[in-house]
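The values are calculated or read from the model by the stated rules, or taken from the named source; none is laboratory data. Note that the structure is predicted; figures quoted are calculated from it, not measured. Neighbour counts are summed over all protein chains in view; Cβ atoms, including those assigned to glycine, are modelled from backbone coordinates with ideal geometry. In case anyone asks, the SASA skips ligands and DNA or RNA and just uses the protein heavy atoms, side chains included. Shrake-Rupley method; radii C 1.70, N 1.55, O 1.52, S 1.80 Å.
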Amino acid sequence: MAKLPIVSFSNLTAKSAAKGTVVFLMRKDGKLPSSAARYDKSGQLTRAAKVGEFNGKAATSLTVIAPDGGPDRIVLAGCGEAAKGSEEDWLRIGGRIKATCGKAQAVTVIAEPAGKDPAFEPEQLARLAMGIKLRAYDFDDYKTKGDKPAKAARYAIASGITTAARSAWKGLDQVSDGVLLARDLVNQPANVLGTVEFAKRAQKLTALGVKVQVLGEKEMRAKKMAALLGVNRGSRRPPRLVVMRWNGGPAKAKPVAFIGKGVVFDTGGISIKPAGSMEDMKGDMGGAAAVTGLMHALAARKAKVNAIGIIGLVENMPDGDAQRPGDIVTSMSGQTIEIINTDAEGRLVLADALWYCHTQFKPQMMVNLATLTGAIVVALGHHHAGMFSNNDELAAALYKAGHVTGEKVWRMPLGSEYDKQIDSKNADMKNVGGRTAGSITAGQFLQRFVEDVPWAHLDVAGTAMGSPKNEYNQSWASGFGVRLLDRLVADHYEK
Ligand code: BES
Ligand code: MN
Ligand code: ZN
């Protein structure tokens, strides 16, 4: 991971912005704030904004070599209209500032309303800081050439609301760490991040007060998790089921639970995938990464909630001992599954993880995340995750959280009409439902393992990785789900 910038908050003083790069936040069509006047004695800054057609639109910027000396560069950073701007807009504004400032080591961001403009809000400045941090992430662990800065850059955000902004940033800083943890897990290659190594990284959350329990093959066999275990049969590396528990809520409150698909590499198994882009299947643990990043975020910011994170870690490989098409496995729930295609392995992992979760922990709700189907990428592309749910209230809450965070979800249908596609002539069900409605039949399959617990399944195959770069993410892995679910918890489950 690249060195991340250190963000701090300070008061607006005559001294702020004496050196380095100075950034002025500017509203749409707004004027320069009064503290910019001292860098505009000759009117060059005003002229540059005019000639450069800078209009203050959110997440735009204009860089000028400081005309009157003092700092090196002045950056005008647009933040749009005062009353508008979503949570995500402020990430974009911050990300854009980081991008524009590039390798600058000392940056001062001046958040001073111009003229009669309304004041900035603490939350906005904290999200701007988050945008800076998220944008700075670069997966460069294996780049041995090129120069990496030895020191972290410093970003000071100067405003009239220092204390409030600082305390808003405290929580968001932790959530940012959760997002970057998720990105990093997804970006790591499978030779480095196997099942055992992933479990070890999850165990590091104990330092934040998370109780982490790791089940190995023997323990899972004792619990009769044959659906999950079947997937790992072809791998030289042992499977792991990791249970992370954060108890920040009242002792008696039922937990919320998050379950992640953690296939550290998906070759397809005996139903082997074609070679093209198979390397992307190192990211087939994007659901598990999001759950781990979320647990980090919740624990680090001491969320007032009881939360459980469960990740099923396996590797889907072809081998003399691998699972075959035609095999029938008995899941922990007792339901039998005929394996038609060994490449539909994620649902087999989740079947046992979901069943274990709700029978063992009696959660008030469960959300699972999985890079489950290529079909969801065909249906929704890279800008929405597919959402499947047996509960309208939970679905509505997730939709709303997606809207404000920019980690958008789009509800897809479930329905008993689809059941016959996964009915099997040899077992209770089969693991694929034919050519049509591939993401829905996968959801329908999972639903058989949750009984009547309020539940949502997020198919993140198109959003956890390979989504287009944006102002606050330049990496292949996005960390999708961490901000979304942190917001869901904050808005609905914290007491
Ligand atoms: N991990 C894949 C789904 C996937 C595809 C994720 C592309 C990210 C990008 C999953 O295990 C899989 O192989 N699904 C099959 C299901 C099919 C065999 C019913 C698929 O989507 O083709
Ligand atoms: Mn697969
Ligand atoms: Zn998979």
For segment 363-399, enumerate the residues that are over 21 Å from V186 (Cα atoms), of a type in the set (S, T, Y) and buried (at least 21 other Cβ atoms within 10 Å of the Cβ). S389
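Any idea how many residues of segment 236-254 are crowded, with 23+ Cβ neighbours inside 10 Å and among the polar types (S, T, N, Q)?
Adding up the residues that qualify gives 0.
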Residue count for segment 337-362, restricted to those that are surrounded by fewer than 23 Cβ atoms within 10 Å (Cβ to Cβ), in contact with a strand residue (DSSP E or B) (Cβ under 9 Å, 6 or more places away or on another chain) and farther than 20 Å from N316 by Cβ: 3
How many of the residues in segment 405-432 are open to solvent by 10 Å² or more (accessible area, probe 1.4 Å), among the aliphatic types (A, V, I, L, M) and farther than 27 Å from H382 by Cα? 1
Do we find a residue being of a type in the set (A, V, I, L, M) and under 19 Å from the mean Cα position of the chain (by Cα) anywhere in segment 316-329? no
Only one of (1) under 18 Å from D352 (Cα atoms); (2) more than 15 Å from ligand 3 (Cβ to nearest atom); (3) in contact (Cβ under 8 Å) with a residue 40 or more places away in the chain; (4) not in a loop (DSSP other than H, G, I, E, B) is not met by K224, so which one is it? (4)
Scan segment 342-357 residue by residue and report those that are more than 16 Å from ligand 1 (Cβ to nearest atom) and either among the hydroxyl-bearing types (S, T, Y) or more than 24 Å from the chain's Cα centre (by Cα) (or both). W355, Y356
Hey, among G249, G230, G293, which residue is within 16 Å of ligand 1 (Cβ to nearest atom) and either out of contact with any Phe, Trp or Tyr (no Cβ under 6 Å at 6 or more places or on another chain) or part of a helix (DSSP H, G or I) (or both)? G230
Filtering segment 255-269 for residues that are assigned to a strand (DSSP E or B), within 11 Å of ligand 1 (Cβ to nearest atom) and open to solvent by less than 10 Å² (accessible area, probe 1.4 Å) leaves a count of 3
Top-ranked residue in segment 462-474 [being out of contact with any strand residue (DSSP E or B) (no Cβ under 9 Å at 6 or more places or on another chain) and of a type in the set (S, T, N, Q); ranked as nearest to ligand 3 (Cβ to nearest atom)]: N473
Within segment 433-449, how many residues are polar (S, T, N, Q) and open to solvent by less than 20 Å² (accessible area, probe 1.4 Å)? 3
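Among the residues of segment 102-116, write down those that are open to solvent by 50 Å² or more (accessible area, probe 1.4 Å) and hydrophobic (A, V, I, L, M, F, W, C).
Of everything in segment 102-116, just one residue is open to solvent by 50 Å² or more (accessible area, probe 1.4 Å) and hydrophobic (A, V, I, L, M, F, W, C), namely A106.
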Any pair with Cβ under 7 angstrom, 6 or more apart, that starts in segment 364-382 at a residue that is closer than 15 Å to G402 by Cβ and ends at one that is more than 16 Å from ligand 2 (Cβ to nearest atom) and in a helix (DSSP H, G or I): V367/L485; L369/A290; L369/V291
Can you go through P274, P318 and tell me which one is without any contact (Cβ under 8 Å) to a residue 40 or more places away in the chain, open to solvent by 10 Å² or more (accessible area, probe 1.4 Å) and closer than 17 Å to D343 by Cβ? P274
Top-ranked residue in segment 400-454 [being of a type in the set (V, I, T) and touching a strand residue (DSSP E or B) at 6+ places or on another chain (Cβ under 8 Å); ranked as farthest from L369 (Cα to Cα)]: I422
Counting only residues in segment 181-198 that are outside any helix (DSSP H, G or I) and touching a helix residue (DSSP H, G or I) at 6+ places or on another chain (Cβ under 8 Å), the one most open to solvent (accessible area, probe 1.4 Å) is identified as P189
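Test V489 against the criterion of being out of contact with any Pro (no Cβ under 7 Å at 6 or more places or on another chain), under 27 Å from G248 (Cβ atoms) and β-branched (V, I, T), and give yes or no.
For V489, the condition - out of contact with any Pro (no Cβ under 7 Å at 6 or more places or on another chain), under 27 Å from G248 (Cβ atoms) and β-branched (V, I, T) - is met.
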Name the single residue, out of those in segment 122-153 being among the hydrophobic types (A, V, I, L, M, F, W, C) and open to solvent by 40 Å² or more (accessible area, probe 1.4 Å), that is nearest to N470 (Cα to Cα). F139
Tell me yes or no: at least one residue of segment 482-489 is more than 24 Å from E338 (Cα to Cα), basic (K, R), in a helix (DSSP H, G or I) and open to solvent by 40 Å² or more (accessible area, probe 1.4 Å). yes
Note down all Cβ pairs under 6 Å where the first residue falls in segment 415-441 and is of a type in the set (F, W, Y), the second is at pLDDT 95 or above, and they're at least six residues apart or on different chains. Y418/I440; Y418/T441; Y418/Q444
Tell me the residue from A77, A119, A99 that is at pLDDT 95 or above, open to solvent by 30 Å² or more (accessible area, probe 1.4 Å) and small (G, A, S), please. A99
Among the numbered conditions (1) away from ligand 2 (no atom under 16 Å from the Cβ); (2) of a type outside the set (S, T, N, Q); (3) closer than 24 Å to T330 by Cβ, tell me where P250 comes up short. (3)
